[in-house]
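Down below is the structure, laid out as C-alpha coordinates.
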Amino acid sequence: MTALPPSISEYVLHLTMEQQLPAFFVLDQEGRLCEWGGRPERYGISPLNQEPDAELFPFLHGIVPLGDEPVFFPCVETAPNVFADIHVFHREGKNWVLLLDVSADALRQQQMQQRLNEIALQRKPGN
Amino acid sequence: MTKKKVCMLGAFGVGKTSLVARFVKSLFSERYHSTIGVKIDKKDLVVNGAEVSLVLWDLPGEGEEDEFQKVRMSYLQGAAGYVLVVDGTRPETLETARNLQKRVEDTVGHLPFTVAVNKADLGNDWQENPSVCGRWQEQDWIFIPTSAKTGAGVEDLFQSLAERLVKG
(Lines give C-alpha, C1' and ligand atoms only; values in the text may rest on other atoms or scores of the structure.)
Protein backbone atom coordinates (compact mmCIF):
# COMPACT_ATOMS: atom_id res chain seq x y z
CA MET A 1 0.00 0.00 0.00
CA THR A 2 1.35 3.43 -0.88
CA ALA A 3 1.33 6.22 1.69
CA LEU A 4 -1.34 8.87 1.38
CA PRO A 5 -0.21 12.39 0.50
CA PRO A 6 -0.72 14.88 3.34
CA SER A 7 -3.57 16.60 1.48
CA ILE A 8 -5.57 13.38 1.47
CA SER A 9 -4.79 12.28 5.02
CA GLU A 10 -5.64 15.78 6.30
CA TYR A 11 -8.89 15.73 4.34
CA VAL A 12 -9.80 12.31 5.76
CA LEU A 13 -8.95 13.51 9.27
CA HIS A 14 -11.10 16.59 8.76
CA LEU A 15 -14.01 14.47 7.54
CA THR A 16 -13.69 12.15 10.53
CA MET A 17 -13.57 15.03 13.00
CA GLU A 18 -16.60 16.70 11.38
CA GLN A 19 -18.79 13.70 10.80
CA GLN A 20 -17.78 11.04 13.28
CA LEU A 21 -17.21 13.25 16.32
CA PRO A 22 -14.48 11.15 17.95
CA ALA A 23 -14.28 10.72 21.69
CA PHE A 24 -11.37 8.94 23.31
CA PHE A 25 -10.56 7.55 26.72
CA VAL A 26 -7.36 6.13 28.17
CA LEU A 27 -7.84 3.38 30.73
CA ASP A 28 -5.52 1.48 33.01
CA GLN A 29 -5.47 -2.33 32.98
CA GLU A 30 -8.39 -2.51 35.43
CA GLY A 31 -10.48 -0.18 33.31
CA ARG A 32 -10.07 2.95 35.45
CA LEU A 33 -10.23 6.20 33.52
CA CYS A 34 -6.89 8.04 33.23
CA GLU A 35 -7.42 10.53 30.39
CA TRP A 36 -10.17 11.50 28.00
CA GLY A 37 -10.88 13.94 25.20
CA GLY A 38 -12.86 14.69 22.07
CA ARG A 39 -16.65 14.72 22.29
CA PRO A 40 -17.70 12.32 25.09
CA GLU A 41 -20.89 14.30 25.72
CA ARG A 42 -22.10 13.31 22.25
CA TYR A 43 -22.28 9.72 23.50
CA GLY A 44 -23.95 10.49 26.80
CA ILE A 45 -20.71 9.91 28.68
CA SER A 46 -19.74 12.36 31.44
CA PRO A 47 -16.21 11.58 32.58
CA LEU A 48 -16.22 14.52 34.95
CA ASN A 49 -18.68 12.68 37.16
CA GLN A 50 -15.99 10.06 37.78
CA GLU A 51 -18.56 7.32 38.21
CA PRO A 52 -17.24 3.82 38.75
CA ASP A 53 -15.85 2.87 35.38
CA ALA A 54 -18.11 -0.07 34.77
CA GLU A 55 -21.02 2.38 34.98
CA LEU A 56 -19.30 4.91 32.76
CA PHE A 57 -18.49 2.25 30.17
CA PRO A 58 -21.07 -0.54 30.37
CA PHE A 59 -19.82 -1.81 27.01
CA LEU A 60 -16.45 -2.70 28.58
CA HIS A 61 -17.93 -5.14 31.04
CA GLY A 62 -16.49 -8.60 30.50
CA ILE A 63 -13.40 -7.46 28.58
CA VAL A 64 -11.65 -5.81 31.56
CA PRO A 65 -8.84 -6.41 32.42
CA LEU A 66 -7.96 -5.39 28.91
CA GLY A 67 -5.72 -7.61 26.85
CA ASP A 68 -3.46 -6.82 23.92
CA GLU A 69 -6.00 -7.93 21.33
CA PRO A 70 -8.06 -5.09 19.88
CA VAL A 71 -11.83 -5.26 20.38
CA PHE A 72 -14.42 -3.79 18.05
CA PHE A 73 -18.09 -3.34 18.94
CA PRO A 74 -19.93 -1.83 15.96
CA CYS A 75 -23.01 0.32 16.26
CA VAL A 76 -23.61 0.44 20.00
CA GLU A 77 -26.41 2.73 21.15
CA THR A 78 -24.71 4.79 23.86
CA ALA A 79 -27.54 7.33 24.29
CA PRO A 80 -31.05 7.50 22.80
CA ASN A 81 -30.64 7.42 18.99
CA VAL A 82 -26.86 7.89 19.26
CA PHE A 83 -24.85 5.00 17.85
CA ALA A 84 -21.09 4.57 18.05
CA ASP A 85 -18.52 2.21 16.63
CA ILE A 86 -16.37 1.36 19.64
CA HIS A 87 -12.72 0.46 19.18
CA VAL A 88 -10.64 -0.75 22.13
CA PHE A 89 -6.93 -1.16 21.47
CA HIS A 90 -3.52 -1.06 23.09
CA ARG A 91 -0.90 1.30 21.69
CA GLU A 92 2.20 3.04 23.03
CA GLY A 93 1.71 1.44 26.44
CA LYS A 94 -1.84 2.74 26.85
CA ASN A 95 -5.32 1.25 26.56
CA TRP A 96 -7.40 3.37 24.26
CA VAL A 97 -11.15 3.45 23.80
CA LEU A 98 -12.26 5.31 20.68
CA LEU A 99 -15.89 6.12 19.88
CA LEU A 100 -16.91 7.18 16.37
CA ASP A 101 -20.41 8.37 15.60
CA VAL A 102 -22.35 6.22 13.14
CA SER A 103 -25.84 7.43 14.10
CA ALA A 104 -26.86 8.68 10.66
CA ASP A 105 -26.02 5.36 8.98
CA ALA A 106 -27.62 3.38 11.79
CA LEU A 107 -30.89 5.28 11.62
CA ARG A 108 -31.01 4.95 7.82
CA GLN A 109 -30.33 1.24 8.12
CA GLN A 110 -32.96 0.89 10.82
CA GLN A 111 -35.65 2.33 8.56
CA MET A 112 -34.68 0.03 5.69
CA GLN A 113 -34.41 -3.03 7.92
CA GLN A 114 -37.76 -2.26 9.49
CA ARG A 115 -39.44 -2.33 6.09
CA LEU A 116 -37.67 -5.52 5.03
CA ASN A 117 -38.53 -7.32 8.26
CA GLU A 118 -42.15 -6.24 8.14
CA ILE A 119 -42.44 -7.58 4.58
CA ALA A 120 -40.77 -10.85 5.61
CA LEU A 121 -43.13 -11.25 8.57
CA GLN A 122 -46.17 -10.61 6.38
CA ARG A 123 -45.04 -13.37 4.00
CA LYS A 124 -44.97 -15.98 6.77
CA PRO A 125 -47.64 -18.67 6.62
CA GLY A 126 -50.64 -17.71 8.69
CA ASN A 127 -50.04 -13.98 8.36
CA MET B 1 -21.56 -6.45 43.14
CA THR B 2 -21.08 -9.28 40.68
CA LYS B 3 -21.78 -8.27 37.10
CA LYS B 4 -22.65 -10.66 34.30
CA LYS B 5 -22.91 -9.77 30.63
CA VAL B 6 -25.81 -11.55 28.93
CA CYS B 7 -26.54 -11.31 25.19
CA MET B 8 -29.98 -11.62 23.63
CA LEU B 9 -29.87 -13.65 20.43
CA GLY B 10 -32.49 -14.84 17.98
CA ALA B 11 -34.18 -14.29 14.63
CA PHE B 12 -35.67 -10.90 13.85
CA GLY B 13 -39.09 -10.16 15.25
CA VAL B 14 -39.03 -12.80 18.00
CA GLY B 15 -39.23 -10.24 20.80
CA LYS B 16 -35.70 -9.84 22.16
CA THR B 17 -36.08 -6.10 22.70
CA SER B 18 -39.55 -6.58 24.17
CA LEU B 19 -38.28 -9.16 26.67
CA VAL B 20 -35.57 -6.76 27.84
CA ALA B 21 -38.05 -3.86 28.05
CA ARG B 22 -40.45 -6.02 30.06
CA PHE B 23 -37.73 -7.25 32.38
CA VAL B 24 -35.92 -3.94 32.92
CA LYS B 25 -38.72 -1.38 32.66
CA SER B 26 -41.93 -3.44 32.98
CA LEU B 27 -43.00 -2.02 29.63
CA PHE B 28 -44.48 -3.56 26.49
CA SER B 29 -45.29 -2.05 23.11
CA GLU B 30 -47.36 -3.77 20.42
CA ARG B 31 -45.39 -1.93 17.75
CA TYR B 32 -42.58 -3.88 16.14
CA HIS B 33 -39.35 -1.91 16.01
CA SER B 34 -36.40 -3.68 14.38
CA THR B 35 -33.14 -3.35 16.30
CA ILE B 36 -30.03 -1.97 14.66
CA GLY B 37 -26.77 -2.25 16.50
CA VAL B 38 -26.75 -2.95 20.21
CA LYS B 39 -28.63 -1.50 23.13
CA ILE B 40 -27.19 -2.15 26.56
CA ASP B 41 -29.40 -2.27 29.64
CA LYS B 42 -28.81 -3.28 33.22
CA LYS B 43 -30.89 -4.89 35.91
CA ASP B 44 -29.95 -5.89 39.43
CA LEU B 45 -31.17 -9.18 40.86
CA VAL B 46 -30.75 -11.07 44.09
CA VAL B 47 -29.38 -14.56 43.58
CA ASN B 48 -28.95 -16.79 46.61
CA GLY B 49 -28.93 -13.74 48.85
CA ALA B 50 -26.25 -11.91 46.84
CA GLU B 51 -26.77 -8.98 44.49
CA VAL B 52 -26.03 -9.65 40.84
CA SER B 53 -26.17 -7.12 38.05
CA LEU B 54 -27.13 -8.40 34.62
CA VAL B 55 -25.69 -6.29 31.80
CA LEU B 56 -28.04 -7.09 28.93
CA TRP B 57 -26.90 -6.70 25.33
CA ASP B 58 -29.89 -6.57 23.02
CA LEU B 59 -28.46 -7.63 19.67
CA PRO B 60 -30.00 -7.20 16.22
CA GLY B 61 -32.12 -10.06 14.92
CA GLU B 62 -30.63 -12.66 12.66
CA GLY B 63 -32.06 -12.80 9.15
CA GLU B 64 -32.97 -16.23 7.86
CA GLU B 65 -31.65 -15.67 4.36
CA ASP B 66 -29.91 -12.33 4.38
CA GLU B 67 -26.13 -12.52 4.85
CA PHE B 68 -26.10 -8.85 5.83
CA GLN B 69 -28.31 -9.66 8.77
CA LYS B 70 -25.88 -12.10 10.39
CA VAL B 71 -25.18 -11.26 14.01
CA ARG B 72 -21.54 -10.37 14.66
CA MET B 73 -20.03 -12.76 17.14
CA SER B 74 -17.64 -10.06 18.38
CA TYR B 75 -20.52 -8.75 20.46
CA LEU B 76 -20.27 -11.87 22.61
CA GLN B 77 -16.75 -11.06 23.81
CA GLY B 78 -16.85 -11.00 27.59
CA ALA B 79 -20.34 -12.51 27.81
CA ALA B 80 -21.08 -14.86 30.70
CA GLY B 81 -24.14 -16.33 29.02
CA TYR B 82 -26.94 -15.66 26.58
CA VAL B 83 -30.64 -15.98 25.92
CA LEU B 84 -31.76 -17.57 22.68
CA VAL B 85 -35.17 -16.18 21.85
CA VAL B 86 -37.57 -18.00 19.56
CA ASP B 87 -41.06 -17.00 18.50
CA GLY B 88 -43.56 -19.60 19.58
CA THR B 89 -45.76 -18.75 16.61
CA ARG B 90 -42.90 -19.15 14.08
CA PRO B 91 -41.35 -22.62 14.42
CA GLU B 92 -38.70 -21.73 11.82
CA THR B 93 -37.12 -19.39 14.37
CA LEU B 94 -35.95 -22.52 16.23
CA GLU B 95 -33.70 -23.30 13.30
CA THR B 96 -32.25 -19.80 13.42
CA ALA B 97 -31.64 -20.28 17.14
CA ARG B 98 -29.90 -23.58 16.49
CA ASN B 99 -27.62 -21.97 13.91
CA LEU B 100 -26.83 -19.11 16.25
CA GLN B 101 -26.05 -21.46 19.12
CA LYS B 102 -23.65 -23.40 16.90
CA ARG B 103 -21.90 -20.21 15.78
CA VAL B 104 -21.51 -19.10 19.40
CA GLU B 105 -20.02 -22.48 20.34
CA ASP B 106 -17.68 -22.36 17.34
CA THR B 107 -16.43 -18.83 17.86
CA VAL B 108 -16.72 -18.05 21.58
CA GLY B 109 -16.89 -21.53 23.10
CA HIS B 110 -19.45 -22.96 25.46
CA LEU B 111 -21.49 -20.47 27.48
CA PRO B 112 -24.60 -21.14 29.55
CA PHE B 113 -27.80 -20.21 27.76
CA THR B 114 -31.56 -20.50 28.07
CA VAL B 115 -34.14 -20.62 25.29
CA ALA B 116 -37.05 -18.23 25.68
CA VAL B 117 -40.10 -19.45 23.76
CA ASN B 118 -41.69 -16.06 23.43
CA LYS B 119 -45.20 -14.90 22.54
CA ALA B 120 -46.67 -17.61 24.78
CA ASP B 121 -49.79 -15.46 25.07
CA LEU B 122 -50.54 -16.27 21.40
CA GLY B 123 -50.49 -20.03 21.98
CA ASN B 124 -47.50 -22.16 21.09
CA ASP B 125 -48.90 -25.51 20.02
CA TRP B 126 -45.72 -26.57 18.22
CA GLN B 127 -43.89 -26.85 21.53
CA GLU B 128 -45.94 -29.96 22.23
CA ASN B 129 -45.20 -31.51 18.85
CA PRO B 130 -42.43 -34.10 19.23
CA SER B 131 -41.58 -34.03 15.53
CA VAL B 132 -40.73 -30.37 15.84
CA CYS B 133 -39.28 -30.23 19.31
CA GLY B 134 -37.99 -33.70 20.06
CA ARG B 135 -34.44 -33.24 18.87
CA TRP B 136 -34.11 -30.03 20.82
CA GLN B 137 -35.06 -31.70 24.06
CA GLU B 138 -32.39 -34.32 23.43
CA GLN B 139 -29.75 -31.62 23.58
CA ASP B 140 -30.75 -30.72 27.15
CA TRP B 141 -31.65 -27.22 26.16
CA ILE B 142 -33.63 -25.36 28.79
CA PHE B 143 -36.85 -23.92 27.34
CA ILE B 144 -38.85 -21.31 29.22
CA PRO B 145 -42.17 -20.11 27.74
CA THR B 146 -42.36 -16.34 27.98
CA SER B 147 -44.65 -13.51 27.05
CA ALA B 148 -43.16 -10.04 26.88
CA LYS B 149 -46.75 -8.85 26.52
CA THR B 150 -48.13 -10.27 29.76
CA GLY B 151 -44.81 -10.67 31.56
CA ALA B 152 -45.36 -14.40 32.05
CA GLY B 153 -42.10 -16.29 32.48
CA VAL B 154 -39.88 -13.24 31.98
CA GLU B 155 -38.58 -12.91 35.54
CA ASP B 156 -38.11 -16.67 35.68
CA LEU B 157 -36.11 -16.61 32.44
CA PHE B 158 -33.51 -14.12 33.66
CA GLN B 159 -33.51 -15.24 37.27
CA SER B 160 -32.84 -18.88 36.37
CA LEU B 161 -30.08 -17.93 33.94
CA ALA B 162 -28.50 -15.62 36.55
CA GLU B 163 -28.50 -18.47 39.06
CA ARG B 164 -26.65 -20.68 36.59
CA LEU B 165 -24.14 -17.93 35.82
CA VAL B 166 -23.42 -17.33 39.48
CA LYS B 167 -23.04 -21.05 40.10
CA GLY B 168 -20.46 -21.02 37.30
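The values are calculated or read from the model by the stated rules, or taken from the named source; none is laboratory data. In this text the structure is predicted, and so the values were computed from the model without any measurement. Glycine gets a Cβ as well: all are built from the backbone with ideal geometry, and neighbour counts include every protein chain shown. In case anyone asks, the SASA skips ligands and DNA or RNA and just uses the protein heavy atoms, side chains included. Shrake-Rupley method; radii C 1.70, N 1.55, O 1.52, S 1.80 Å.
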> Looking at the range B:32-62, which of the residues that are under 27 Å from A:Asn117 (Cβ atoms) and of a type in the set (Ser, Thr, Tyr) is nearest to the other protein chains (Cβ to nearest Cβ)?
Replying inline: B:Ser34
> Looking at the range A:21-35, is at least one residue outside any loop (DSSP other than H, G, I, E, B), away from chain B (no Cβ under 12 Å) and among the basic types (Lys, Arg)?
Replying inline: no
>> Which residue is nearest to the other protein chains (Cβ to nearest Cβ), if the candidates are limited to the range A:89-127 and must be of a type in the set (A, V, I, L, M) and under 9 Å from the mean Cα position of the chain (by Cα)?
In response: A:Val102
> Filtering the range A:47-65 down to residues that are facing chain B (nearest Cβ under 10 Å) and part of a helix (DSSP H, G or I), which residue is modelled with the lowest pLDDT?
Replying inline: A:Ala54
>> Residue pairs, Cβ under 8 Å, 6 or more apart or interchain, first in the range B:154-168 and among the hydroxyl-bearing types (Ser, Thr, Tyr), second open to solvent by 10 Å² or more (accessible area, probe 1.4 Å) and not in a helix (DSSP H, G or I). List them.
In response: B:Ser160/B:Ile142; B:Ser160/B:Ile144
> Can you name every residue in the range B:61-86 that is at pLDDT below 90, under 15 Å from A:Phe73 (Cα atoms) and within 14 Å of the chain's Cα centre (by Cα)?
Replying inline: B:Val71
> What are the residues in the range B:11-31 that are under 19 Å from B:Ala152 (Cα atoms) and either part of a strand (DSSP E or B) or facing chain A (nearest Cβ under 7 Å) (or both), if any?
Replying inline: B:Gly13
>> Could you check the range B:95-121 and list, in sequence order, the residues that are away from chain A (no Cβ under 14 Å), surrounded by 18 or more Cβ atoms within 10 Å (Cβ to Cβ) and in a helix (DSSP H, G or I)?
In response: B:Ala97, B:Leu100, B:Gln101, B:Val104, B:Ala120
>> With the requirement that a residue be touching a helix residue (DSSP H, G or I) at 6+ places or on another chain (Cβ under 9 Å), open to solvent by less than 90 Å² (accessible area, probe 1.4 Å) and at pLDDT 90 or above, what does the range A:4-34 give you?
In response: A:Leu21, A:Pro22, A:Ala23, A:Phe24, A:Phe25, A:Leu27
>> Given the criteria touching a helix residue (DSSP H, G or I) at 6+ places or on another chain (Cβ under 9 Å), more than 9 Å from chain A (Cβ to nearest Cβ) and surrounded by fewer than 23 Cβ atoms within 10 Å (Cβ to Cβ), does B:Val6 qualify?
In response: no
> Looking at (1) modelled with pLDDT of 90 or more; (2) under 28 Å from A:Glu118 (Cα atoms), which is the one condition that is false for B:Val166?
Replying inline: (2)
> Among the numbered criteria (1) open to solvent by 50 Å² or more (accessible area, probe 1.4 Å); (2) under 16 Å from B:Val38 (Cα atoms); (3) touching a strand residue (DSSP E or B) at 6+ places or on another chain (Cβ under 7 Å), which single criterion is violated by A:Phe89?
Replying inline: (2)
